[in-house]
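Below: one structure, written as structure tokens.
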Amino acid sequence: MAASAATTARPLYLIKFPKRPHLLSDSQFRPRLLSSQTQRTTIRATSAVVVESDLSTKQDQGTDVDLFACPICYEPLIRKGPVGLNLSGFKCKRCQKSYTSKDGYLDLTVTSGLRDYIEVQPVRTELFRSPLVSFLYERGWRQNFRQSGFPGLDEEFKMAQEYFEPAKGGLVVDVSCGSGLFSRKFAKSGTYSGVIALDYSENMLRQCYNFIKKDDTLSTTNIALVRADVSRLPFAPGSVDAVHAGAALHCWPSPSNAVAEITRVLRSGGVFVGTTFLRYSSSTPWIIRPFRERNSQGYGFLIEEEIKDLCTSCGLTNYSCKIEKSFIMFTAQKP
């Protein structure tokens, strides 16, 4: 199956993301940034999922603003290198830092390209960079979450889709995407103009790319893979319609920084949907709660009140959630 998919997939395909994707006209939200005309940013992929947006195009040819921004200074990135089968990279016009693509993903971390400096993340972050955990994640690891109240992948996706109703036709960023379980579902749904599968783990992104190669239905869909830090998202302010973070918040070194970044990149009316494990819920007996430490097993489990406080303190509104045992799916929007 893998060999067949690899040989039949087209070597070059075109992905187009609207510069300002539309939300539904009958949506209850009225984003101020959306217009009736759409300009497009082009994402091309060769044997890897590689972003190649050309900012040097002349004005009479329809100059595009790049989808991605430098994670250091947030300036739009300029594509460098020839168009075609080459694995092209990007360069920031302000700080001159270059970003390259490899192994099927574009590396847009601050540490991209560094030779000597090595940044070690907390144990819970480094765990998911492991080749073994990345391999097992979609082969039993994630399925075990049902014991804690997670409804299963299909139902969880359906719930997220309901919350993302106002973002139809827009750009979705699946942060901390892991092996791309939901990134691929979002792309295959045909609901969105583009999907960015984003994770800090190189091995998770490699797994995601391998799954894409094996799925003929994804060989020409609008999905791109990006390595980035959720606390330093490589997008311009107000450039994203929806952000999804599945089973992720408890793994982030700083949830407050991450949610602040998500708020920054969301458009007015944009939707944030996340799931995580609760430290305890309202149904948890009081006698048990003291034994459930905040950083149990190295993870930052929160309670529902803390998640709501975190979202609202970062400027998000219309918070709501659904809880089952230790599972919570929450959503909030940028005003």
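Give the residue that is nearest to F182 (Cα to Cα), with candidates limited to residues of the stretch 142-172 that are touching a residue at least 12 places away in the same chain (Cβ under 8 Å) and of a type in the set (D, E). Going through the qualifying residues, I end up with E156. Is it the case that the stretch 212-223 has a residue that's out of contact with any helix residue (DSSP H, G or I) (no Cβ under 7 Å at 6 or more places or on another chain) and open to solvent by less than 10 Å² (accessible area, probe 1.4 Å)? No; the residues of the stretch 212-223 include none that is out of contact with any helix residue (DSSP H, G or I) (no Cβ under 7 Å at 6 or more places or on another chain) and open to solvent by less than 10 Å² (accessible area, probe 1.4 Å). Within the stretch 78-113, the residues that satisfy the criterion of being modelled with pLDDT of 90 or more and of a type in the set (A, V, I, L, M) are L106, L108, V110. If you go through the stretch 91-103 one residue at a time, how many are among the polar types (S, T, N, Q) and surrounded by 18 or more Cβ atoms within 10 Å (Cβ to Cβ)? Number of matching residues: 1. The set of residues from the stretch 104-136 being assigned to a helix (DSSP H, G or I) and either of a type in the set (D, E) or surrounded by 15 or more Cβ atoms within 10 Å (Cβ to Cβ) (or both) comprises R124, T125, E126, L127, V133, S134, F135.
Here is a yes/no grid of residues against (1) open to solvent by 30 Å² or more (accessible area, probe 1.4 Å); (2) farther than 23 Å from E162 by Cβ; (3) without any contact (Cβ under 8 Å) to a residue 40 or more places away in the chain; (4) not charged (D, E, K, R):
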position	(1), (2), (3), (4)
G269	no, no, no, yes
S281	no, no, no, yes
T284	no, yes, yes, yes
I288	yes, yes, yes, yes
K308	yes, no, yes, no
S313	yes, yes, no, yes
N318	yes, no, yes, yes
A332	no, no, no, yes
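Among the residues making up the stretch 158-186, a single one is surrounded by fewer than 20 Cβ atoms within 10 Å (Cβ to Cβ) and among the hydrophobic types (A, V, I, L, M, F, W, C): M159. Hey, any hits in the stretch 229-243 for a residue that's of a type in the set (K, R) and either open to solvent by less than 30 Å² (accessible area, probe 1.4 Å) or farther than 14 Å from T125 by Cβ (or both)? Checking the stretch 229-243: not a single residue is of a type in the set (K, R) and either open to solvent by less than 30 Å² (accessible area, probe 1.4 Å) or farther than 14 Å from T125 by Cβ (or both).
Number of residues in the stretch 155-189 that are farther than 23 Å from Y209 by Cβ and not hydrophobic (A, V, I, L, M, F, W, C) equals 10.
Among the residues of the stretch 253-267, those identified as of a type outside the set (V, I, T) and open to solvent by 10 Å² or more (accessible area, probe 1.4 Å) are P253, S254, P255, S256, N257, A260, E261, R264. Here N295 clears all of (1) under 19 Å from L67 (Cα atoms); (2) modelled with pLDDT under 75 except the condition numbered (1).
The values are calculated or read from the model by the stated rules, or taken from the named source; none is laboratory data. Treat the numbers as computed from the prediction; the structure is a model and nothing was measured. Note that each Cβ is placed from the backbone with ideal geometry, even for glycine, and that neighbours are counted across all protein chains shown. SASA here: full protein model, heavy atoms, side chains in, ligands and nucleic acids out. Shrake-Rupley method; radii C 1.70, N 1.55, O 1.52, S 1.80 Å.
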